[in-house]
1. Among residues belonging to region 38-84 that are under 22 Å from the mean Cα position of the chain (by Cα) and free of Cβ contacts under 8 Å to residues at least 12 places away in the same chain, point out the one that is surrounded by the fewest Cβ atoms within 10 Å (Cβ to Cβ).
2. Out of all the residues in region 139-163, which are touching a residue at least 60 places away in the same chain (Cβ under 8 Å) and more than 19 Å from Lys64 (Cα to Cα)?
3. Return the total of residues in region 130-169 being of a type in the set (A, V, I, L, M), more than 11 Å from the ligand (Cβ to nearest atom) and surrounded by fewer than 18 Cβ atoms within 10 Å (Cβ to Cβ).
4. Restricting attention to region 118-129, and to residues there that are of a type outside the set (Ser, Thr, Tyr) and within 16 Å of the ligand (Cβ to nearest atom), which single residue is surrounded by the most Cβ atoms within 10 Å (Cβ to Cβ)?
Amino acid sequence: MAADDTPTRSSSSEPGNAPRARTSVGAASGGDSPFRSFKPYEPADDEPYMGPAQLEHFRDILLKWRHQLMEEVDRTVNHMQDEAANFPDPADRATQEEEFSIELKTRDRERKLIKKIADTLERIDQEDYGYCDTCGVEIGLRRLEARPTASQCVDCKALAELREKQLHA
Ligand SMILES: [Zn+2]
């Protein structure tokens with residue numbers, strides 16, 4: 001009756017398989033990658049580019065992205081307020097100041113992005129969205145899903161970046 005045969009499967013031989021500590025940098029992730037949990041838009045064959053449904057799709061992405069960014073900004077502010085408590089050790093303070101300046105830069109970047117998202121949402125409202133500012137071609141659904149605030153097609157963007165680089169070379 002006391003069949004004491006423990007299934008071999010559950011007796012893992014690996015000692016202390018502690019879950020690997022997550023490298024949680026969190027908010028400091030690249031500001032370029034927007035909110036990603038949406039379904040790629042599949043337009044119907046006869047669907048016009050940037051018709052109401054598509055505009056709605058991108059409005060939704062932008063709103064969610066902005067919401068996410070605002071939460072990150074809040075978190076940064078709260079974090080800094082919490083941490084701003086007394087640090088009597090000057091070494092700790094130096095580290096903390098450095099950390100703060102990084103966080104402030106992140107916040108600044110997020111703020112600019114939030115502004116850009118607001119501008120983009122305005123363009124959606126005016127149905128002036130999805131076309132290259134420079135040459136007028138359709139920017140395309142996939143590119144816009146990767147970069148919802150894009151206002152230039154890939155080619156014009158690449159050219160602009162090249163010029164920028166030459167300017168600062
Ligand atoms: Zn273009």
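1. Applying the filter and picking the extreme gives Lys39.
2. Across region 139-163, there are no qualifying residues.
3. Final tally of qualifying residues: 4.
4. Going through the qualifying residues, I end up with Arg123.
This table checks each residue for (1) assigned by TED's automatic domain parsing to the domain that holds Arg75; (2) not in a helix (DSSP H, G or I).
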{"position": "Arg107", "(1), (2)": "yes, no"}
{"position": "Leu113", "(1), (2)": "yes, no"}
{"position": "Lys116", "(1), (2)": "yes, no"}
{"position": "Ile124", "(1), (2)": "yes, no"}
{"position": "Gly136", "(1), (2)": "no, yes"}
{"position": "Arg143", "(1), (2)": "no, no"}
{"position": "Ser151", "(1), (2)": "no, yes"}
{"position": "Cys156", "(1), (2)": "no, no"}
{"position": "Leu159", "(1), (2)": "no, no"}
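The values are calculated or read from the model by the stated rules, or taken from the named source; none is laboratory data. Model, not experiment: these values are computed from the prediction. Quick reminder, even Gly has a Cβ in these numbers, built from the backbone with ideal geometry, and neighbours come from all protein chains shown.
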